[in-house]
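A quick write-up on the structure given underneath.
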Amino acid sequence: GAATPGASLAVVVKNTTQGGRGEGIRCAIGHGVGVGIYAMFAVAGFSAILEATPMIVSSIELFGALFLLWLGGSALWNAKGKAGPSAEGSSRRGAVEGFLFAFMNPKIILFFLAILSTMLPSEASGIERAGVAMVAMVIDAGWYTFAALLLSRPGPAMWLERRRSAVERTLALILIAAGVMI
């Protein structure tokens, strides 16, 4: 699921192009933590709670859609006239955006509830359940970290830099479209 190109990759690419390698990696790790939390919810048996209170899922969908619209709008606004990636520093913007993007994405919780809650044996221990959630988090963070590292290499980075405005506008429109679809 993590390797499927989509809005999550767009957030990582946006952070990598706007903030450099470090910002892209922080975004990837933040996204992985958000995914890990949802995976933990799924293996802990929260599907019964969500089925009993569909308003929780609806609230997550609403906030997620608004966040995507805000993220896409701000990316579209920031795509105007930037000269290049900001200096690598200790910004937490990427980590926060990655986490919030994953945590406010109802598709992620529904995916994990559908897959993990049905495939994990009911007699699985707490350690086994935590291990499954940890694997999901590591795979997600690892994949997007790989994407950030790849995109920040000299060749792809130069290609992205030459097409920065068009790439950022396209990514912004993907985020906005995802928000509208939700």
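How much mean residue ellipticity at 222 nm does the chain get from its helices, if each DSSP H run of length 4 or more adds -39500 (n - 2.57) and you divide by all residues, to the nearest 500 deg cm²/dmol?
So the calculated ellipticity at 222 nm is -27000 deg cm²/dmol.
Hey, rough spin-label estimate for M55 and R162, points 7 angstrom out along Cα→Cβ, what's it come to in nanometres?
For the pair M55/R162, the computed spacing is 5.5 nm.
Counting only protein chains, not ligands or nucleic acids, how are S122, S152 ordered by accessible area (probe 1.4 Å), most first? Could you put the intermediate results ahead of the total?
On the way: S122 100, S152 25 Å².
The ordering from most to least exposed comes out as S122, S152.
How high is the relative contact order of the chain, given as a whole-number percent (alpha carbon pairs under 8 Å, six or more residues apart)?
For the chain, the relative contact order is 47 percent.
For R169, what accessible surface area do you get with a 1.4 Å probe? Give it in Å², rounded to 10.
It works out to around 100 Å².
Say a paramagnetic label sat at a point 7 Å from the Cα of N78, along Cα to Cβ; which residues of the range 1-22 have their backbone N under 17 Å from it?
7-22
If I build a Gaussian network model for the chain, linking alpha-carbon pairs within less than 10 angstrom, which residue out of E128, E168, E23 has the largest mean-square fluctuation?
Maximum fluctuation in the GNM of the chain, among the listed residues, is at E128.
Pick out which of A124, A75, A147 has the largest mean-square fluctuation in a Gaussian network model of the chain, springs linking Cα atoms closer than 10 Å.
A124
The values are calculated or read from the model by the stated rules, or taken from the named source; none is laboratory data. These numbers were taken from a predicted model, which means no experiment stands behind them. So basically every Cβ, Gly included, is an ideal-geometry build from the backbone, and we count neighbours across all protein chains shown. For the accessible areas, the whole protein counts, side chains as well, though only heavy atoms, and no ligand, DNA or RNA atoms are used. Shrake-Rupley method; radii C 1.70, N 1.55, O 1.52, S 1.80 Å.
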